[in-house]
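Just dropping this structure here.
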Amino acid sequence: MLSKKIVDLLNNQIQKEFHSAYLYLSCANYYDEKGLKGFANWFHVQVKEEVDHALYLRAYLVSNNQKVELFDIEAPTETFNNFKDPLELALKHEEYVTKLIHEIYHAALEEHDYRTKDFITWFVTEQGEEEENCTELIQNYDLFAGTPQGLYQLDKDMGARTYVQSATVAAALTKN
Ligand code: MG
């Protein structure tokens, strides 16, 4: 049995994850416009991961016999002035999402909802990885993108990222 507060928080988080996907799609669009196909690819993979996060939350609500609610997703309004802007936006955004996830974890503890606490722990770990990935990207950009050759190589490296669905998410989505 999940409390209304927890169900509301989880439904709200579904919208936040789809919004993240939308935001990262706008980053991919920017890089595609600029001809940086590798950077665009990196964000395109990120889009798929964010959709997975939303669907994983949905599957949890379904498996607990709770009503899933879908809210409006705002169009991204960010404008990018240079190639580094989307990378900094991504780190700032992931830090914000970490706060949201921690709020759900905290609420689950307060409500003695140990099932949701266990479920949301996957997201706590995931957020650590998201922040680490974004920080590494910014470091790589600062270190290597200062010359056309460096930017070219970094774009190639980012083009090698492939989407691999988490086994945990895949298992949950098979069922719900
Ligand atoms: Mg996410």
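The values are calculated or read from the model by the stated rules, or taken from the named source; none is laboratory data. Predicted model only: the values in this text are computed from it and were never measured. Positions of Cβ are backbone-derived with ideal geometry, glycine not excepted, and every protein chain shown enters the neighbour counts. The accessibility values were calculated without ligands, DNA or RNA, using every heavy atom of the protein model including side chains. Shrake-Rupley method; radii C 1.70, N 1.55, O 1.52, S 1.80 Å.
Checking the conditions here, which among Tyr24, Tyr31, Tyr60 is touching a helix residue (DSSP H, G or I) at 6+ places or on another chain (Cβ under 7 Å), more than 15 Å from the ligand (Cβ to nearest atom) and assigned to a helix (DSSP H, G or I)?
Result: Tyr31 is the single residue among Tyr24, Tyr31, Tyr60 that is touching a helix residue (DSSP H, G or I) at 6+ places or on another chain (Cβ under 7 Å), more than 15 Å from the ligand (Cβ to nearest atom) and assigned to a helix (DSSP H, G or I).
Out of (1) open to solvent by 10 Å² or more (accessible area, probe 1.4 Å); (2) assigned to a helix (DSSP H, G or I); (3) within 15 Å of the ligand (Cβ to nearest atom), what's the single condition that is false for Ile73?
Condition not satisfied by Ile73: (2).
Also: Can we say Phe80 is outside any helix (DSSP H, G or I), among the aromatic types (Phe, Trp, Tyr) and in contact with a Pro (Cβ under 8 Å, 6 or more places away or on another chain)?
So Phe80 passes the test.
Among the numbered conditions (1) free of Cβ contacts under 8 Å to residues at least 60 places away in the same chain; (2) surrounded by 19 or more Cβ atoms within 10 Å (Cβ to Cβ); (3) within 14 Å of the ligand (Cβ to nearest atom), tell me where Ala40 comes up short.
Single failed check for Ala40: (3).
Please go through (1) free of Cβ contacts under 8 Å to residues at least 12 places away in the same chain; (2) surrounded by 17 or more Cβ atoms within 10 Å (Cβ to Cβ) for Asp32 and return the number of the only condition it doesn't satisfy.
In the conditions (1) free of Cβ contacts under 8 Å to residues at least 12 places away in the same chain; (2) surrounded by 17 or more Cβ atoms within 10 Å (Cβ to Cβ), Asp32 misses (2) alone.
Can I ask one more? What pairs can you find where one residue is in the range 126-141 and at negative phi, the other is surrounded by fewer than 16 Cβ atoms within 10 Å (Cβ to Cβ) and not in a helix (DSSP H, G or I), and their Cβ atoms are less than 9 Å apart, with a gap of 6+ or different chains?
So the pair list comes out as Glu126/Ser166; Ile138/Lys84; Tyr141/Lys84.
Give me the pairs: first residue in the range 1-23 and among the polar types (S, T, N, Q), second residue in a loop (DSSP other than H, G, I, E, B) and open to solvent by less than 20 Å² (accessible area, probe 1.4 Å), beta-carbon distance under 7 Å, and six or more apart or on different chains, which are they?
Ser3/Asp113
So is Glu49 within 22 Å of Lys175 (Cα to Cα), within 15 Å of the ligand (Cβ to nearest atom) and either out of contact with any Lys or Arg (no Cβ under 9 Å at 6 or more places or on another chain) or outside any helix (DSSP H, G or I) (or both) or not?
Values: within 22 Å of Lys175 (Cα to Cα): yes; within 15 Å of the ligand (Cβ to nearest atom): yes; either out of contact with any Lys or Arg (no Cβ under 9 Å at 6 or more places or on another chain) or outside any helix (DSSP H, G or I) (or both): yes.
Spelling it out, Glu49 is indeed within 22 Å of Lys175 (Cα to Cα), within 15 Å of the ligand (Cβ to nearest atom) and either out of contact with any Lys or Arg (no Cβ under 9 Å at 6 or more places or on another chain) or outside any helix (DSSP H, G or I) (or both).
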